[in-house]
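Here the structure is laid out as structure tokens; the discussion comes afterwards.
Only the coordinates and a few stated rules stand behind these numbers; no lab work does. All figures in this text were calculated on a predicted structure; none of them were measured in a lab.
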């Protein structure tokens, strides 16, 4: 029979090894996210040029695509920040995930707004467009995210 002290030491070594493996995985994920964000930022630099050189009638859709890209970069950056906190051992925090969700909803609102402006949205019974209903629902979601972030900050 092994002594309890030996079992505890084996448990500590296994636990330490798993902790190192977990942090290694999070580090690789964080690096991949940062590389993706940099690649998207480079594409954003290239995508902003048509805003100045392209025809005036495409400015709205080009701007919407650019904002969509910028918000995607912000989402990736926020996720990478959350993963980085996990690597540092700080632990998971709900607030960065709420911010990512808020940015995602804002991205969707921008896309729907562009569809509305361009008149490409479909209507329900010829009265209300589908995107108007989507915008109303997304507005409620934004309010819920903001309220949750407010509560978390107030709690801190």
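On C-alpha positions alone, give me the angle between the axis of helix 130-155 and the longest principal axis of the chain, in degrees, nearest 10. Helix 130-155 sits roughly 40 degrees off the main axis of the chain.
Using only alpha carbon positions, build the gyration tensor of the chain, then give the equivalent ellipsoid semi-axes as the square roots of 5 times its eigenvalues, largest first, whole angstrom. Intermediate results must be reported in sequence, preceding the final value.
On the way: eigenvalues 391, 95, 30 Å².
So the three semi-axes of the chain are 44, 22, 12 Å.
Across the chain, Cα pairs under 8 Å and at least six residues apart give a relative contact order of 21 percent. Compared with the dominant principal axis of the Cα atoms in the chain, helix 94-118 is inclined by about 20°.
As I understand it, the value is the acute angle between the Cα axis of helix 59-88 and the longest principal axis of the Cα atoms of the chain; what does it come to in degrees, rounded to 10? Approximately 10 degrees, to the nearest 10.
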